[in-house]
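Enquirer: Pasting a structure below so you can have a look.
What follows is calculated from the coordinates using simple rules that are stated; it is not laboratory data. Just so you know, these numbers come straight off a predicted model, no measurement behind them. Heads up, the Cβs are rebuilt from the backbone with ideal geometry, glycines too, and the neighbour counts pull from every protein chain shown.
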């Protein structure tokens, strides 16, 4: 699978990213409730892009590690960045009066999760859902 890229700058972009992720995950063998978990995590991260950065992109690529296939999702934006990642990853913390479940929720839904952010430069979230053996 080549790299697929979805621009996210509105609710339509959030939906496109969610649908593309689900579609690609099915092609590499991810199925059942894992498809729902993956789509939900993509939605949470994509909504954060729209809400906090205004615009960004989500990249999809298939990966293989230890004989297992997975879908790698990399969400990037050039927004304000996150000053305290540890705090942002706590359930209930929100800078926008939301429920504060976006980032920590996405982390729980995916198999691998990493976030890198620099204030004034943006945020990159990398996450993987692996096929079940």
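Enquirer: Can you work out the FRET efficiency for the pair residue 78 and residue 132, with r the C-beta to C-beta distance and R0 = 25 Å, to the nearest 0.05?
Expert: 0.10
Enquirer: Something else now. For residue 40 paired with residue 9, estimate the spin-label separation in nm (one decimal), with each label point 7 Å from Cα along the Cα-to-Cβ line.
Expert: For the pair residue 40/residue 9, the computed spacing is 3.1 nm.
Enquirer: Averaging sequence separations of C-alpha pairs under 8 Å and six or more residues apart, then dividing by the length of the range 4-130, give the relative contact order as a whole percent. Write down the numbers at each step before the final one.
Expert: Details: 258 pairs, mean separation 33.0, N = 127.
Taking the mean separation of contacting Cα pairs over the length of the range 4-130, I get 26 percent.
Enquirer: In addition: Let me check I have the definition right: for the chain, take the eigenvalues of the Cα gyration tensor, multiply each by 5, take square roots. What are those semi-axes in whole Å, largest first?
Expert: 24, 15, 13
Enquirer: Let me ask you something else. Please determine, in degrees from 0 to 90 and to the nearest 10, the orientation of helix 11-27 with respect to the longest principal axis defined by the Cα atoms of the chain, where the helix direction is its Cα long axis.
Expert: Orientation of helix 11-27: about 30 degrees from the principal axis.
Enquirer: OK, next. With axes computed from alpha carbons, what is the tilt in degrees of helix 33-48 against the longest principal axis of the chain, rounded to the nearest 10 within 0 to 90?
Expert: Between helix and principal axis, roughly 30 degrees.
Enquirer: Test of understanding: what is the full-extension gain from residue 64 to residue 87, defined as 0.36 nm times their sequence separation minus their Cα-Cα distance? Walk me through the intermediate numbers first.
Expert: Values: separation 23, 0.36 × 23 = 8.28 nm, distance 3.20 nm.
Length gained, residue 64 through residue 87: 5.1 nm.
Enquirer: Next question, about the same structure. Hey, with R₀ at 25 Å, roughly what FRET efficiency would residue 124 and residue 27 work out to, going by the Cβ-Cβ distance, to 0.05?
Expert: About 0.55, to the nearest 0.05.
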